[in-house]
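J.: The structure under discussion is supplied below as structure tokens; questions concerning it will follow.
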Amino acid sequence: MTTTFPGLPFGAQIVPGGVRFRLWAPDCDTVSLVIEGPGESREIPLERDANGWCETTVEGAGAGTRYRYRIDGDLKVPDTASRFQPDDVHGASEVIDPAAYTWRCTEWAGRPWEEVVLYECHIGTFTPEGTFLAAIEKLDYLVDLGITALELMPVADFPGDRNWGYDGACLFAPDSRYGRPEDLKTLIDAAHERGLMVFLDVVYNHFGPEGNYLYCYAKRFFNPERHTPWGAAINFDGRDSLVVRDFFAENARYWIDEYRFDGLRFDAVHAIEDLSEPHILNEIAVRVRAAVHSGAHAHRHVHLVLENDKNESRYLGRDDHLRPHAYVAQWNDDIHHAYHVLTTGEDRGYYADYADDPGRHLARCLTQGFAYQGDPSPFRDGEIRGEPSAQLPPTAFVNFVQNHDQVGNRAFGERLTLLAPEPAVLCAATTLLLSPSPPLLFMGEEWGADEPFLFFCDLGPDLKDPVREGRRREFASFPEFQDPESRERIPDPTDEETFRRSQLDWSALAKPKHRVLLDHYKRLLALRRTELAPRLHGIAGSSGSVVWRDGKAMRLEWRLGDGSTLSLLANVAADAARWPGETPPGRVLTATAETAPDRLPPWFAAWYLDDVAVARA
């Protein structure tokens, strides 16, 4: 049985008797379809309509057919909307039958957001093989750890054999380095069978620097007057932007519908400029939710998450039933930065915004979401950053002490366990994993992996030198990299060895020092599952408060969804702190150490749960 993806106006679609090929090419003179294969090569000139669309149906073509488009009688290019690129971004595209895979876990409906514990991983370095199928072998480990959602860094087809994934060129095609489309579906199916959700990181703010052929035939995909740190800005509000908006909105629907991902994380949306109404982010959210709610799986839980350095809480609003209007949560970089300053003492770069009073910033993040809610940023020369967020529930913020950015954008990719003392790491994990906000772990964090996570890519020869020199220039302002010789020590992102050094060493789990941290994470996540997650449904905005704070020591409280009270007593510092005067109400869920009558120990965290009033009611 074959099918077409509902509403997808781009790419190759299997239809009765053949394949329909459709390309938007408003900015070239001629286009022809080139069918390629063993013993077969034929070229079909295409007519364009007044809007720039080229379309034809080829009888006898089907799944496995290889094809490209010839632009202006010369350059052959892959399909930007290809479902698979077996020979990478410059090769021929392959027709895929989206209905060929037989799903096993057909009744899967996802899980409520309140149950989310995210585990971010990079498929290429997660296992020695670096494939979708190899990742299946680690799913039982994740379940045992207490993870409920696997989050994949971008898998859209990128140039070369290794990449973080943010250089995607064919956004509908899982990268062939990781496996075929059916392999990705097999991974998702296997995760669902184990009760794991799967999220995907998608990049809608730019295309990668290699393999993007849109410039040859659809320049209107880009706005030449705007730029991002990673390339030309996408045209979301200029001439012919309706087609461009459709491309990205349909891409989001595609991953949710065709691959059954449980959620998407939208990368760096602060780099998306759109002055039209509705904003493209709102349009994508509306269209994804409409597709989910109208389909055969209308009962599914589907979660949309943002990364947004502007701290724009407007996208996270709730209705009267506390359901998100558009996006359920945002990655909260603020809380990472506060944790990092507290545990490592580093205060340069953007950490300067948190160095004045890191305890205050941490307390505000834990109870109100953002640290910067319309406040001037010293790092940005006094620029006002953020919008009020206290009115949102804590579940609107994904909190973490490590992620791919914060580890990998360091010159040497060091993880927190190499930068902070063990008691500080344990304290940070304890405050993170039992707070009402959903936590995110970065692969290997839970056992204190020794491997760095370095920046790596495998671009073409013309780009290797600029990438290498750009990486070293990025750190030139730091005192330790002032001279060229010191900058030479920064790992070369284009060297395959840099990628190899970033691969997780799973044998380290047998070492006692790693087991201690792993057991700590497992115990805390077990508490989260049994004691906290069942009480988060219905948690409202303004539910958190700072009861007491003295520098880096604090007592915080939250009113949970079932009416119980959760309290944190913590001293996130290397020195003892004074006792706050009284113990929080309720029973102790966990504590990193015993307390003395008049002081809080260094790197101390204890959680309390008061559910007596709920029980009586």
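Just so you know, all these numbers are worked out from the coordinates, no wet-lab data involved. Here the structure is a predicted model, which means the values were calculated and not measured. No Cβ is skipped: glycine too gets one built from the backbone with ideal geometry, and neighbour counts run over all protein chains shown.
J.: Which of Phe412, Pro86, Ile490 sits closest to the plus end of the dipole of the chain, meaning its Cα is farthest towards the positive end, when Lys and Arg get +1 and Asp and Glu get -1 on the C-beta?
T.: Phe412
J.: What ranking do 311-318, 602-609 get when scored by the average of other Cβ atoms within 10 Å per residue, highest first?
T.: 602-609, 311-318
J.: Can you give me the distance in nm between label points at Gln391 and Tyr141, each placed 7 Å from the Cα along the Cα-to-Cβ direction?
T.: So the label points at Gln391 and Tyr141 sit 4.5 nm apart.
J.: Quote the charge dipole size of the chain about the Cα centre in Debye, to the nearest 20; the model charges only the Cβ of Lys and Arg (+1) and of Asp and Glu (-1). Write out the running numbers ahead of the final one.
T.: Values: 64 positive and 96 negative charges, 320 e Å.
Here the chain has a charge dipole of around 1540 debye.
J.: Over the chain, what is the percentage of antiparallel beta bridges among all DSSP beta bridges, to the nearest 5? Write down the numbers at each step before the final one.
T.: Details: 69 of 93 bridges.
Counting DSSP beta bridges with both partners in the chain, the antiparallel share is about 75 percent.
J.: Taking every pair of distinct Cα atoms and averaging 1/r, then inverting, what Kirkwood hydrodynamic radius in Å comes out for the stretch 109-268? Don't jump to the answer; show the numbers that get you there.
T.: Working: mean 1/r = 0.0605 Å⁻¹.
Here the Kirkwood hydrodynamic radius works out to 16.5 Å.
J.: Shifting gears a bit: Would you mind classifying the stretch 418-495 by shape? Square roots of the alpha carbon gyration tensor eigenvalues, ordered a ≥ b ≥ c; an a/c under 1.5 is rounded, otherwise it is prolate if a/b is larger than b/c and oblate if not.
T.: prolate
J.: Multiply the residue separation of Asp450 and Lys219 by 0.36 nm, subtract the distance between their alpha-carbon atoms, and state the gained length in nm to one decimal.
T.: 78.7 nm
J.: Quick one: length gained pulling Asp519 to Ala290 fully straight, 0.36 nm per residue minus the C-alpha distance?
T.: Result for the pair: 78.3 nm of gain on full extension.
J.: P(r) for the stretch 442-572, please, calculated from all Cα pair distances in 5 Å bins and given in %.
T.: Distribution as computed: 2, 8, 11, 10, 11, 11, 10, 12, 11, 9, 4, 1, 0 percent.
J.: Which residues in the stretch 412-430 have a backbone N closer than 18 Å to a point placed 7 Å from the Cα of Ser486 along the Cα-to-Cβ line?
T.: Counting only backbone N, you get 412-414.
J.: Sticking with this structure for a sec: Stokes-Einstein D for the chain at 10 °C, 1.306 mPa s, Kirkwood Rh over Cα pairs, in µm²/s?
T.: This corresponds to a translational diffusion coefficient of 62 µm²/s.
J.: Rounded to the nearest 500 deg cm²/dmol, what is the calculated helix-only ellipticity per residue at 222 nm for the chain, with -39500 (n - 2.57) per DSSP H run of length n ≥ 4?
T.: -7000 deg cm²/dmol
J.: Expressed as a rounded percentage, what relative contact order does the stretch 314-440 have, with Cα pairs under 8 Å and six or more residues apart? Walk me through the numbers before you get to the answer.
T.: Numbers: 184 pairs, mean separation 31.4, N = 127.
For the stretch 314-440, the relative contact order is 25 percent.
J.: Ranked highest first by the average count of other Cβ atoms within 10 Å around their residues, in what order do 511-523, 328-340, 215-227 fall?
T.: Ranking the peptides 511-523, 328-340, 215-227 by packing returns 328-340, 215-227, 511-523.
J.: When N counts the residues of the stretch 11-94, how does its alpha-carbon radius of gyration compare numerically with 2.2 N^0.38 Å, as a ratio?
T.: Against the compact-globule rule of thumb, the ratio is 1.01.
J.: Give me a comma-separated list of calculated 3J(HN,Hα) values for the stretch 98-107, in order, Karplus coefficients 6.51, -1.76, 1.60 applied at θ = phi - 60°, integers in Hz, x for any Gly or Pro.
T.: Result, ordered by residue: x, 9, 6, 7, 9, 6, 8, 8, 6, 9 Hz.
J.: Another question, if that's okay. HN-Hα J couplings of the stretch 13-24 from phi, Karplus 6.51/-1.76/1.60, θ = phi - 60°, integer Hz, Gly and Pro as x?
T.: For the stretch 13-24, the Karplus curve yields 10, 6, 10, x, x, x, 9, 8, 10, 9, 9, 9 Hz.
J.: Relative to the first principal axis of the alpha-carbon coordinates of the chain, what is the inclination of helix 181-193, with its axis defined by its Cα atoms, in degrees from 0 to 90 and to the nearest 10?
T.: 30
J.: Quick check: the angle from helix 358-368's long axis to the longest principal axis of the chain, C-alpha only, nearest 10 degrees?
T.: 70
J.: Report relative contact order for the chain in percent, whole number only (criteria: Cα-Cα under 8 Å, sequence separation at least 6).
T.: Contact order relative to length: 11 percent.
J.: Calculate the spin-label point distance for Arg226 paired with Ala476, positioning each point 7 Å from the Cα along the beta-carbon direction, and give it in nanometres.
T.: Label at Ala476, label at Arg226, 2.9 nm between them.
J.: Which order do the peptides 403-413, 424-434 come out in when sorted by mean C-beta neighbours inside 10 angstrom, highest first?
T.: 424-434, 403-413
J.: Rounded to the nearest 0.05, what FRET efficiency do Arg380 and Ala526 give with R0 = 41 Å and r taken as the Cβ-Cβ distance? Could you check?
T.: Values: r = 41 Å, r/R0 = 0.99.
E between Arg380 and Ala526, to the nearest 0.05, is 0.50.
J.: Using a Cα-Cα cut-off of under 20 Å, which lysines could be cross-linked to Lys76, ignoring same-chain neighbours fewer than 8 residues away?
T.: Of all the lysines, those that pass the test against Lys76 - Cα under 20 Å, at least 8 places apart if same chain - are Lys219.
J.: So, one more: In degrees, nearest 10, range 0 to 90: what is the angle between the Cα axis of helix 512-527 and the longest Cα principal axis of the chain?
T.: 90
J.: Note down, for the stretch 520-587, the three equivalent ellipsoid semi-axes (square root of 5 times each alpha carbon gyration tensor eigenvalue), biggest first, whole angstrom.
T.: Those come to 23, 16, 10 Å.
J.: Same structure again: Only Cα pairs under 8 Å and at least 6 apart count here; give the relative contact order of the stretch 538-616 as a rounded whole percent.
T.: The value is 29 percent.
J.: What is the extension gain from Ala352 to Arg104, computed as 0.36 nm multiplied by their sequence separation minus the C-alpha to C-alpha distance, in nm to one decimal?
T.: 84.2 nm
J.: What does the charge dipole of the stretch 23-176 about its Cα centre add up to, to the nearest 20 debye, if the Cβ of each Lys and Arg holds +1 and the Cβ of each Asp and Glu holds -1?
T.: 140
J.: Dividing the convex hull volume of the alpha carbon atoms of the stretch 241-381 by its residue count, what do you get in Å³ per residue?
T.: On the way: hull volume 20.4 nm³, N = 141.
In the stretch 241-381, the Cα convex hull volume per residue is 144 Å³.
J.: With each label point set 7 Å from Cα along the Cα-Cβ vector, what nm distance links His321 and Glu414?
T.: Taking the simple label geometry, His321 and Glu414 are separated by 5.0 nm.
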